[in-house]
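Structure first, then comments.
Throughout, read-outs are computed from the coordinates displayed, never taken from laboratory work. Predicted, not measured: the structure shown is a model, and the values here were computed from it. Glycine also receives a Cβ, built like all others from the backbone with ideal geometry; neighbour counts cover every protein chain displayed.
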Amino acid sequence: MRILVLGGTAFLSHAVAADAVRRGHEVVCAARGTSGNVPEGATLVKVDRHAPDGLAPLAGIDFDAVVDVATMSYPWVREALRVLGTRARHWTFVSSINVYADAVTAGQNEDAALHEPAESGASALERIEHPHLYGAIKVACENAVRAALDERALIVRSGLIVGPGDVSDRFGYWPARISRGGRVAVPDVPEQPTQVLDVRDLAAWIVGAGEQGIAGTYNGVGPSLPFGNLLDLIVKTVGAPDTDLVPVSEEHLDRAGVQVWRGPKSLPLWVPPEDRGFMAHDHTRAVAAGLTHRPIEDVVRDVLAHERRLGLDREREAGLTPAEEAELLRKPGGEPR
């Protein structure tokens, strides 16, 4: 097969291209080439999706499968469909579980209600002022893909993707921190759902779907398990012998200025009550369509190995610094588990 990956230089798109190369496909990666290198064996075609006619180098080429991981740009998706849609046998668009209007209810499947579509708005300010904008843009992109390709389109509503190559720290913070041992501040929400999917499993499913011509809309997420269970599993898998998880109440975290989910001075994977369903979507249809999940213990070990290559003491995109954690644990609000 001749496979086009719109991207191919970072994380999911790189993993898709690498998996396709391993299977012996002819792989073309279309990117600016500034975020990294394409996998060995793939061909880079330089394009700039910000520029008018930025996809012109691809015009007129037939592809058996196209994979698009565009994030916040409806115009990018629309233009790719215009230039390439009629010449592609199969098309995968990576959407997001952010499309769902209800972030509270756990166990929602692909039939749940969505945000109203938004075809514009992608600036940082707009994302802050309108927190559902990301999901609304993804809805508009999904609609465009279905309208253009119908039964040739696979739409993957991804959740939190983790694994080697992830630099967001939204999962890697925990194996890295727990491997160092000592008193570890954790949010006191042991029953909160958590849901992660290894990037290699998602990539393998996407490539396989292109090979088989699988179409439809699926939640591309992993199994959901309680936060407390996940942390205990990380401790058992990579924790130092003196690891001591110290639950800190949400009230105390809030007073201390600790943020949810991501960003500076945060505790990753912690979400507020009004978003708890965000980490508990149903993946029955995707599993029936071939999505598989490696053991979470293997994911944790591989993530820690990646964290060590990056440097455990580096400045992080998310999590607490050692000084912030020490200050948090000096104040009342947490008890050893």
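A few remarks follow.
- Bridgeable aspartates and glutamates around K236 (alpha carbons under 15 Å apart, same-chain partners fewer than 8 residues away excluded): D244, E297, D298, D302.
- Projected-area mean, the range 2-158, by convex hull of Cα positions, square nanometres: 9.7
- Part-to-part distance (alpha-carbon centres) for the range 276-325 and the range 171-188, which is given in Å: 12
- Antiparallel DSSP beta bridges within the chain, as percent of all bridges there, nearest 5: 10
- Taken about its Cα centre, the range 186-267 carries a charge dipole of about 260 debye when Lys and Arg each add +1 at the Cβ and Asp and Glu each add -1 at the Cβ.
- With both labels modelled 7 Å from their Cα along Cα-to-Cβ, the R32 to R330 distance reads 4.2 nm.
- For the range 234-326: rounded, prolate or oblate by the Cα gyration tensor [a/c cutoff 1.5]: oblate
- Taking the longest Cα principal axis of the chain as reference, the axis of helix 133-149 is set at about 30 degrees.
- Between T321 and E116, the simple spin-label model (points 7 angstrom out along Cα→Cβ) gives 4.3 nm.
- Put a plus charge on the Cβ of each Lys and Arg, a minus charge on the Cβ of each Asp and Glu, and nothing anywhere else: the dipole of the range 1-131 about its Cα centre is then about 520 debye.
- Dipole-positive endmost among P75, G41, A31 within the range 2-158 (Cβ charges, Cα centre): G41
- Of all lysines in the structure, those lying under 24 Å Cα to Cα from K331, and not within fewer than 8 positions of it along the same chain, are K265.
- Along the axis of the charge dipole computed for the chain (Cβ charges of +1 for Lys and Arg, -1 for Asp and Glu, origin at the Cα centre), the listed residues F227, A140, Q212 are led at the positive end by Q212.
- Applying 0.36 nm per residue to the separation of R309 and R180 and subtracting their alpha-carbon distance, the gain on full extension is 44.9 nm.
- A Förster radius of 45 Å, combined with the Cβ-Cβ distance separating D150 from L225, puts the computed FRET efficiency at roughly 0.80.
- Applying 0.36 nm per residue to the separation of K265 and D298 and subtracting their alpha-carbon distance, the gain on full extension is 9.1 nm.
- Counted residue by residue at 0.36 nm each, then reduced by the alpha carbon distance between them, the extension gain from D102 to S73 reaches 8.2 nm.
- A crude spin-label estimate for the pair M1 and A56, with each label 7 Å from Cα along the Cβ direction, gives 3.1 nm.
- Against the chain, whose longest principal axis comes from its Cα atoms, helix 11-22 is set at around 60 degrees.
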